[in-house]
Amino acid sequence: MSSPGGNLKSAVAKGFLWGGMSNALCQLLNLFLGIYLARILGPDDYGPVGMLAIFSAIAGSLQDSGFVAALANRKEVTHKDYNAVFWFNVLISVAMYVILFASAPLLVDFFNEPSLLWLSRYIFIGFVVAGFGIAPSAYLFRELKVKERSVATILSIIVSGTVGIALAMNGYSYWGIATQSILYVLVRSAVYWWFTPWRPSFRVTFAPLRYLFAFSYRLLVTNIFLRVNWNIFSVILGGNRSYSATDVGNYTKAAEWMSMGSEVVNGMVNGIAQPVFARVADDDGRQLHIFRKMLRFTAFVSFPLLLGLSLVAPEIIVIAITDKWLESAYMLRILAVWGAFMPIQSMFTNLLISRGRSVVFMWGTIVQGLLVLMLLVGLAPLGINTMLAAYVIFNVLWLFVWRYYAGKEVSLTLTMFLRDLLPFASLSAVVMFSAYWLTVSIDNIYMLLFARIAIAALLYILLLALFRCKELYEAARFLLHKNENQRL
């Protein structure tokens, strides 16, 4: 019989493997489909959809209501628990759609964009569809079914992306983008159901929601503020008469590319971190050991990937989706720096949730979001790039707040944190600056892109090997299927 520790080690290894592979594949699919779509459409077409991003994000948080995390952290889960969550989300999704349908004229007035009236009413249909997928998503998440969730995501990207491109080619512009978002949720929810053995029943009691909501309501509030923080630019740019739909479109595309890069790592972390931390929550020493090992591996991947994206942002944007999107490339160059740190923040927040400190997570996020909002509103007259730089700097500094509270739970000292993080962050920064200056004289944009990627990758690997980086050798052994004797 395998030991519990061995089972957990295997689950984490498989979770990282499938999480990393699937997220990389998903972002590549998003990249190729997004490139094709962006060549057909322009910033003006993405603007109206970008204006609705924050409302879609908030509605998504209300649908989930923190129940996925609540179910993942319960020792025992019954049919009644899943059934209550399913029917609650179906009802709340329909109710939200009715409210948002009636609120569409208010959105038109706020953004001064007449196209939002029926576009919003159409795109918000996705909320109703998503409500049916919360319970099976919670089941797969709790059981660490990363492979199954990955398959669902990949299929949803392929189907929705293909249809979105077809509609755009036939002149449907932002309607094609809206249809793509609805189909994405529809296909993913359908595949979740295919892989989930649990089925709802009409004999429902909402009694389990009482103890689930006691855990999840803080996560609900937290997730709303998180989504607002991530999408605040859409509101500030769209609601400020000094900026146009084109500005919103350029920002939306920059944020989309940053998200594709960051999600390769962030999705991998979020797919397994919280369930794994929850399973070892009773052993502080082991939880700290696992956290630090995951933190180092996350930094090992995240910093070169996202700082590398920042390095080549103008070249890759112009080559991929033409110079009509060049303005978004400069926004991407700034945003990608924060993208490198986003998975680190996810590590801290997942740890706090697993320790039952959702109230700390909630208030930390609320304060963070409010301060960001005040900062950006004050800097709005100075331009988009100034706001983006301030946004990145503030959020990176806020990591030390998360470290403080995480340190109180598992004795993670500031020295430990910096020792795990700084080597990869500083090495990646040095590599990217070196690659930039070594290639600054190259005029051909294709040669420039190739040279920067090749030099940065080669320098990073050589320097890690020179310093005998443990994560590099462990990753190599893992990829070569020689990791059976690795300890977590």
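Would you tally the residues in the stretch 130-167 being farther than 22 Å from ASP81 by Cβ and not polar (S, T, N, Q)? Result for the stretch 130-167: 13. Does at least one position in the stretch 373-392 carry a residue that is over 21 Å from THR252 (Cα atoms), surrounded by fewer than 17 Cβ atoms within 10 Å (Cβ to Cβ) and at pLDDT 90 or above? Taking every residue of the stretch 373-392 in turn, none turns out to be over 21 Å from THR252 (Cα atoms), surrounded by fewer than 17 Cβ atoms within 10 Å (Cβ to Cβ) and at pLDDT 90 or above. Any residue that is touching a Phe, Trp or Tyr at 6+ places or on another chain (Cβ under 7 Å), of a type in the set (Val, Ile, Thr) and under 21 Å from VAL221 (Cα atoms) - is there at least one of those in the stretch 93-116? No, that holds for no residue.
Taking the criterion of being more than 20 Å from ASP45 (Cβ to Cβ) and either at pLDDT 90 or above or surrounded by fewer than 18 Cβ atoms within 10 Å (Cβ to Cβ) (or both), the residues of the stretch 157-187 that qualify are ILE158, VAL159, LEU186, VAL187.
When the stretch 378-393 is filtered for residues that are touching a helix residue (DSSP H, G or I) at 6+ places or on another chain (Cβ under 9 Å) and touching a residue at least 24 places away in the same chain (Cβ under 8 Å), the ones remaining, listed by number, are ALA380, ILE384, ASN385, MET387, LEU388, ALA389, TYR391, VAL392. Residue under question is LEU28, and the condition is that it be surrounded by 21 or more Cβ atoms within 10 Å (Cβ to Cβ) and either outside any helix (DSSP H, G or I) or modelled with pLDDT of 75 or more (or both); does it hold? No. Does SER56 satisfy the condition of being at pLDDT below 70 and crowded, with 18+ Cβ neighbours inside 10 Å? Against the criterion (at pLDDT below 70 and crowded, with 18+ Cβ neighbours inside 10 Å), SER56 qualifies.
In the stretch 289-302 there is no residue that is assigned by TED's automatic domain parsing to the domain that holds TYR446, touching a residue at least 12 places away in the same chain (Cβ under 8 Å), of a type outside the set (Lys, Arg) and not in a helix (DSSP H, G or I).
Within the stretch 127-151, the residues that satisfy the criterion of being closer than 28 Å to VAL98 by Cα and aliphatic (A, V, I, L, M) are VAL128, VAL129, ALA130, ILE134, ALA135, ALA138.
The residue list ILE272, ILE290 contains one member that is at pLDDT 75 or above and more than 28 Å from LEU41 (Cβ to Cβ), which is ILE290.
Just to be sure I understand, how many residues within the stretch 314-340 are in contact (Cβ under 8 Å) with a residue 40 or more places away in the chain and within 22 Å of the chain's Cα centre (by Cα)? Explain how you work it out, then say what you get.
Just the residues of the stretch 314-340 that are in contact (Cβ under 8 Å) with a residue 40 or more places away in the chain, to begin with: 315-322, 324-325, 327-332, 334-340.
Subsequent filtering for residues that are within 22 Å of the chain's Cα centre (by Cα) retains 316-317, 328-332, 334-340.
Adding up the residues that qualify gives 14.
The lone criterion from (1) surrounded by fewer than 19 Cβ atoms within 10 Å (Cβ to Cβ); (2) at pLDDT 75 or above left unmet by ALA255 is number (1). A Cβ distance below 7 Å, combined with a sequence gap of six or more or placement on separate chains, defines the contacts here; from the stretch 119-143, residues that are without any contact (Cβ under 8 Å) to a residue 24 or more places away in the chain reach residues that are in a helix (DSSP H, G or I) and surrounded by fewer than 23 Cβ atoms within 10 Å (Cβ to Cβ) in the pairs ARG121/PHE101; ARG121/ALA104.
Taking the stretch 106-118 on its own, how many of its residues are touching a helix residue (DSSP H, G or I) at 6+ places or on another chain (Cβ under 7 Å) and either β-branched (Val, Ile, Thr) or without any contact (Cβ under 8 Å) to a residue 60 or more places away in the chain (or both)?
The number of residues fulfilling the criteria is 4.
Can you confirm whether the stretch 190-203 contains a residue that is on the phi > 0 side of the Ramachandran plot and free of Cβ contacts under 8 Å to residues at least 40 places away in the same chain?
Within the stretch 190-203, the subset on the phi > 0 side of the Ramachandran plot is none.
No - not one qualifying residue is present in the stretch 190-203.
Name the residue, out of ARG403, ARG452, that is at pLDDT 85 or above and closer than 28 Å to ASN229 by Cβ.
After ruling out the rest, the residue left standing is ARG403.
The values are calculated or read from the model by the stated rules, or taken from the named source; none is laboratory data. Because the structure is a prediction, the values reported are computed rather than measured. FYI the Cβ positions are ideal-geometry reconstructions off the backbone, even for glycines, and counts take in every protein chain you see.
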